[in-house]
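Written out below as structure tokens is the structure these notes cover.
The values are calculated or read from the model by the stated rules, or taken from the named source; none is laboratory data. Just so it is clear, the model here is predicted, and its values are computed rather than measured. As a convention, Cβ positions derive from the backbone with ideal geometry for all residues, glycine included, and neighbour counts pool all protein chains shown.
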Amino acid sequence: MHCVSSKHSVMMVSFCQGALLLSLAAAMAVYADMNVDCGPDFVMLLWTESRPQFKFFALPKDWYATIYDPVFKTYSLGDLQFNIGLMNDDFSGPAESTRFPLGSIIPIMASVVQETHQPLLLLLEECVAATTPELYPESTMYPIISNQGCLLESLSSRSKFEPRQKSSEIRLSLQTFTFAMGEEVFIHCKLLAWDPNGLDSTKKACHFVEGHGWELLDNLAQSNLCDCCESKCKSRRQRSVASEKYGMVQKAVIGPFTITDVYS
């Protein structure tokens, strides 16, 4: 039996594999030589017994093979739209897999789309890993970001916030950690859309840089706002009316994904 494959999309692979199995069974039953030709919208079988035989299968217009569905989610709050998801290595598109070896980097990106608002600054106020898509009192959790914007994982790993491309987007390179190995993992976050001019010790994005200490993502000169990251962060000033009306918090969940042992 031979298989001749013309140009076709990746989604054709599963269908062609099924056709191959069926054709193999048929060929064995009649001791025939068989060819399978897979096109973008058809599968054609040709077998030779006493004379050539053709069978043409047209694919349904709405047919598609089961392929990886990127883990990227959208949440709406008022006239704001929040997005968060796993990305590929250079943040140019969705992740191609949901399995990450221990010690590797998980690229995460969140953004907020504002139609009528003035420009907003997006912050990750809090993130925890858990083994459930919803958090319960008995849930086992692993803190990643806490204390209102402090990336705790950066203290002991290569985890860090990446330089911003725009204020309404935030990128996180999270190094995988020892938690629920081989199980489904979900990351629960609080996204905060805030006035870009209203940063303080409770509205910030801070990560720890070895040899430098805690640094503020958006303005190194104001890194003193991160001094509280290893204690308790409290606002040193009252929120202005202007800042208050721009502050909107949205809960979001990333996952599931799996952290695997490097030797598995």
Open item on the list: Go through region 87-99 and report how many residues are assigned to a strand (DSSP E or B) and touching a Pro at 6+ places or on another chain (Cβ under 6 Å).
Closed with: 2
Open item on the list: Is it the case, given these coordinates, that Leu191 is assigned by TED's automatic domain parsing to the domain that holds Thr132 and surrounded by fewer than 17 Cβ atoms within 10 Å (Cβ to Cβ)?
Closed with: no
Open item on the list: Return the residues of region 102-147 that are within 15 Å of the chain's Cα centre (by Cα), of a type outside the set (A, V, I, L, M) and surrounded by fewer than 18 Cβ atoms within 10 Å (Cβ to Cβ); say none if nothing qualifies.
Closed with: Ser104, Pro133
Open item on the list: Quick test for you: out of Tyr64, Tyr75, pick the one residue that is surrounded by 11 or more Cβ atoms within 10 Å (Cβ to Cβ) and modelled with pLDDT under 50.
Closed with: Tyr64
